[in-house]
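What follows is a single structure, written as structure tokens, with notes after it.
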Amino acid sequence: MNSQEIHGMLEALGDPAIAAHSQRFFKTGPGEYGEGDRFLGIRIPVIRAQVRKHGDLSMGETRCLLISPYHEVRMFSLLWLVMRFNKGDEPERRTIYEAYLGHTAYINNWDLVDCSAHPILGGYLDGRDRKPLYVLADSESIWERRMAIMACLHFIRKLDFADALKLSERLQNDGEDLIHKAVGWMLREIGKRDLPVELSFLKTRYRQMPRTMLRYAIERFPKEERGRYLRGEV
């Protein structure tokens with residue numbers, strides 16, 4: 001199938017009621033973070049099933065899908081890229097990595113970032129210079145900044161916390177709640193694997209952290225300990 005046929009297939013799977021709910025859930029109204037995004041109304045498991053069925057799609061056709069005005073079509077493209085990246089040889093992985101960085105303007109909501117940044121950006125930069133993440137972290141785009149910290153989930157799962165901690169500090173004063181959530185999430189993931197590392201990071205920073213970031217970071221702590229952090233008594 002080519003990109004037009006994939007697009008048509010996905011449109012046929014759409015549900016207007018789900019689309020209407022998604023438009024609200026992903027904040028697509030004026031001034032909201034997903035302003036102007038359009039939805040077909042397809043659940044993620046259905047998209048994943050279609051990705052598995054169409055693994056032989058070409059990179060060129062996939063790029064066409066990644067610039068679709070429809071959220072679920074872009075999601076299809078990203079999930080396809082993740083699948084191919086995980087199976088690909090080094091040249092294919094580099095091609096996918098470069099295509100990803102070349103299309104960040106279309107990876108423009110938190111679910112699109114979260115399903116793709118850690119396997120593709122994190123996966124490719126594993127064992128390489130991670131300077132591209134710091135470039136993304138300094139971007140004016142909220143989604144590129146979220147990509148930077150979310151890419152670190154790949155490293156965290158391998159007990160490599162250094163870049164996640166550096167980027168968490170760099171993004172601590174970010175003005176966007178979606179960045180606060182992502183940073184807090186990554187700190188929590190570190191704590192699940194090495195609690196003393198997370199506690200050491202929090203010790204001198206938790207009082208200055210945005211409330212949402214702190215809440216996400218300490219979500220797994222015992223109730224009484226969470227209370228002490230939130231009251232600034234640790």
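The values are calculated or read from the model by the stated rules, or taken from the named source; none is laboratory data. This is a predicted model, so every value here is computed, not measured. Note that each Cβ is placed from the backbone with ideal geometry, even for glycine, and that neighbours are counted across all protein chains shown. Remember, those area values only see protein heavy atoms, side chains included, never the ligands or the DNA or RNA. Shrake-Rupley method; radii C 1.70, N 1.55, O 1.52, S 1.80 Å.
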(request) Please name all residue pairs, on different chains or six or more residues apart, with Cβ atoms under 7 Å, provided the first residue is in the range 213-232 and is crowded, with 18+ Cβ neighbours inside 10 Å and the second residue is small (Gly, Ala, Ser). (result) MET213/GLY184; LEU214/GLY184; TYR216/GLY184; ALA217/GLY184
(message) Just to be sure I understand the filter: pairs with C-beta atoms under 7 Å, separated by 6 or more residues or on different chains, first member in the range 123-148 and aromatic (Phe, Trp, Tyr), second member part of a helix (DSSP H, G or I). Which pairs pass?
(response) TYR124/ARG93; TYR124/TYR97; TRP143/THR104; TRP143/VAL113
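Answer yes if at least one residue in the range 187-200 is surrounded by fewer than 20 Cβ atoms within 10 Å (Cβ to Cβ) and either on the phi > 0 side of the Ramachandran plot or under 19 Å from the mean Cα position of the chain (by Cα) (or both), and no otherwise.
Filtering the range 187-200 for residues surrounded by fewer than 20 Cβ atoms within 10 Å (Cβ to Cβ) gives 188-189, 192-197, 199-200.
Restricting the remaining residues to those that are either on the phi > 0 side of the Ramachandran plot or under 19 Å from the mean Cα position of the chain (by Cα) (or both) gives 188-189.
Yes, that holds for at least one residue.
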(request) Test each condition in (1) in contact with a Leu (Cβ under 9 Å, 6 or more places away or on another chain); (2) in a loop (DSSP other than H, G, I, E, B); (3) β-branched (Val, Ile, Thr) for VAL51 and report the one that comes out false. (result) (2)
(request) Please specify each residue of the range 100-122 satisfying the condition of being open to solvent by less than 10 Å² (accessible area, probe 1.4 Å) and either modelled with pLDDT under 95 or out of contact with any Cys (no Cβ under 7 Å at 6 or more places or on another chain) (or both). (result) TYR100, ILE107, ASN109, LEU112, VAL113, SER116, ALA117, ILE120, LEU121
(message) Regarding the range 11-27, can at least one residue be identified that is touching a helix residue (DSSP H, G or I) at 6+ places or on another chain (Cβ under 9 Å), assigned to a loop (DSSP other than H, G, I, E, B) and under 16 Å from VAL51 (Cα atoms)?
(response) yes
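Just wondering, is there one or more residues in the range 69-80 that are in a helix (DSSP H, G or I) and open to solvent by 60 Å² or more (accessible area, probe 1.4 Å)? Quick ask: steps written out before the conclusion?
Of the range 69-80, the ones in a helix (DSSP H, G or I) are 71-80.
Okay, now just the ones that are also open to solvent by 60 Å² or more (accessible area, probe 1.4 Å), so none.
No, there is no match, as no residue in the range 69-80 is in a helix (DSSP H, G or I) and open to solvent by 60 Å² or more (accessible area, probe 1.4 Å).
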